[in-house]
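J.: Take a look at the following structure, please.
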Amino acid sequence: MEQRACAACGNPAGDANLCDECVKDWAKRLAWLLKAGMPALRQIAYKQATTRERSPRHGNAAYAAPPVNEAAQALYSAVELHLQLAGGMLGVKPIGRDRHERPRTLRQWADIARLLLHRMRDLARLDTAGDLYADLIRLSEKVETATTRAGERRLVGVCPDCLHVVGDDGPVRTPIYAAHSVRYAVCPECGAWLDLQRVRLEYLRSAGLMHITRTQADAARWVRENTGVNVSGKDLANWRSRGKMPSTRRIDRHYWEWNIMELLACAQDRAGRDGDGV
Ligand SMILES: [Zn+2]
Ligand SMILES: [Zn+2]
């Protein structure tokens, strides 16, 4: 069988243009747009919901409706057009053309998203699969940002690509914010495509943050959130009992002072045994 490289990550992709992992992520994003992203964006674009908290003191009477959100409407249309073009490339009927003469289906975004989810294998074989997937990542990140309350996003770290650029005040430190569920982001400054787990770990290392004080269960949760590896409290206990956490100290009955490098090593070991990388 012909062995191609994935257009997004370079891993083996068989006779398709994207590997299984990237196709899985693509489908996950499509399903999220269908079930959560686009419905939430529609609320914001057309029904004047806002991502800002409403002041309880204002009540409803004195509160002027915010203007129609044009940025949200434009994004909503952009996602719909993207899905229509993807559908057009698969020959989903009925077919029209966009202003660049590319085939697009005239169906609604929700119908097309459902249809595409059933035809991920065909999508992955399109010559344009890499571009379509990259566009969908960009669009779904934008929808996520537009529909996430500011407080739900947290600082993940700084962009490693910008860090290589030296400005007047030393290396450029662009903060990267993302919601918890997000795996990838695009740097708002340089446009680099970022794997957030790596950004997070690099940030912790460079900040010199070496210890955290947590209970065993909370330390395991910390590892899961920061590495995506499914580590349990019991895994940590096993590691300690095997003498693999020499710098981790017990503080009292419940709390431990964990060495971050030892926690990450445990995650790496766990990921190696599970067969997926950190
Ligand atoms: Zn891939
Ligand atoms: Zn950057």
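The values are calculated or read from the model by the stated rules, or taken from the named source; none is laboratory data. Just so it is clear, the model here is predicted, and its values are computed rather than measured. Glycine also receives a Cβ, built like all others from the backbone with ideal geometry; neighbour counts cover every protein chain displayed.
J.: Can you name the condition, by its number, that ARG154 falls short on among (1) assigned by TED's automatic domain parsing to the domain that holds CYS190; (2) of a type outside the set (Gly, Ala, Ser); (3) within 16 Å of ligand 2 (Cβ to nearest atom)?
T.: Unmet for ARG154, out of (1) assigned by TED's automatic domain parsing to the domain that holds CYS190; (2) of a type outside the set (Gly, Ala, Ser); (3) within 16 Å of ligand 2 (Cβ to nearest atom): (3).
J.: Is at least one residue of segment 251-261 assigned to a helix (DSSP H, G or I) and of a type outside the set (A, V, I, L, M, F, W, C)? It would help to see each step written out before you state the result.
T.: Taking segment 251-261 and keeping what is assigned to a helix (DSSP H, G or I), we get 260-261.
Cutting the leftovers down to of a type outside the set (A, V, I, L, M, F, W, C) gives us none.
There is no residue in segment 251-261 that is assigned to a helix (DSSP H, G or I) and of a type outside the set (A, V, I, L, M, F, W, C).
J.: So, one more: Counting only residues that are surrounded by fewer than 21 Cβ atoms within 10 Å (Cβ to Cβ) and either over 20 Å from LEU139 (Cα atoms) or not small (Gly, Ala, Ser) (or both), which one in segment 30-43 is nearest to ligand 2 (Cβ to nearest atom)?
T.: First pass over segment 30-43, keeping only residues surrounded by fewer than 21 Cβ atoms within 10 Å (Cβ to Cβ): 31-32, 34-36, 39-40, 42-43.
If we keep only those that are either over 20 Å from LEU139 (Cα atoms) or not small (Gly, Ala, Ser) (or both) as well, we get 32, 34-35, 39, 42-43.
Numbers: TRP32: 25, LEU34: 30, LYS35: 31, PRO39: 31, ARG42: 31, GLN43: 31 Å.
Here the residue is TRP32.
J.: Sticking with this structure for a sec: Consider VAL231 against the criteria (1) in contact with a Ser or Thr (Cβ under 7 Å, 6 or more places away or on another chain); (2) farther than 14 Å from GLY157 by Cβ; (3) at pLDDT 85 or above: it satisfies all of them except one. Which criterion is unmet?
T.: Result: VAL231 fails condition (1) only.
J.: I want to confirm something. Restricting to segment 7-22 and keeping residues that are more than 8 Å from ligand 1 (Cβ to nearest atom) and in contact (Cβ under 8 Å) with a residue 40 or more places away in the chain, which single residue is surrounded by the most Cβ atoms within 10 Å (Cβ to Cβ)?
T.: Result: ASN17.
J.: Here's another thing I want to ask about it. Looking at segment 179-206, I want the residues that are surrounded by fewer than 16 Cβ atoms within 10 Å (Cβ to Cβ) and modelled with pLDDT of 75 or more and have a partner that is assigned to a helix (DSSP H, G or I) and of a type in the set (Ser, Thr, Tyr) with Cβ atoms under 7 Å, at least 6 apart or on another chain. Which pairs are those?
T.: Sorted first by the residue in segment 179-206, then by its partner, the list stays empty.
J.: Given the criteria more than 9 Å from ligand 1 (Cβ to nearest atom), charged (D, E, K, R) and either touching a helix residue (DSSP H, G or I) at 6+ places or on another chain (Cβ under 7 Å) or under 30 Å from THR147 (Cα atoms) (or both), does ARG4 qualify? Let's see the steps before the verdict.
T.: On the way: more than 9 Å from ligand 1 (Cβ to nearest atom): yes; charged (D, E, K, R): yes; either touching a helix residue (DSSP H, G or I) at 6+ places or on another chain (Cβ under 7 Å) or under 30 Å from THR147 (Cα atoms) (or both): no.
So ARG4 does not fit the description; no.
J.: Quickly run through segment 89-123 and pick out the residues that are polar (S, T, N, Q) and loosely packed, with under 14 Cβ neighbours inside 10 Å.
T.: Listed by number, the list holds a single entry, GLN108.
J.: Can you confirm whether segment 147-162 contains a residue that is hydroxyl-bearing (Ser, Thr, Tyr), without any contact (Cβ under 8 Å) to a residue 60 or more places away in the chain and surrounded by 14 or more Cβ atoms within 10 Å (Cβ to Cβ)?
T.: Start the filter on segment 147-162 by keeping residues that are hydroxyl-bearing (Ser, Thr, Tyr), which leaves 147-148.
Subsequent filtering for residues that are without any contact (Cβ under 8 Å) to a residue 60 or more places away in the chain retains none.
No, segment 147-162 has no match at all.
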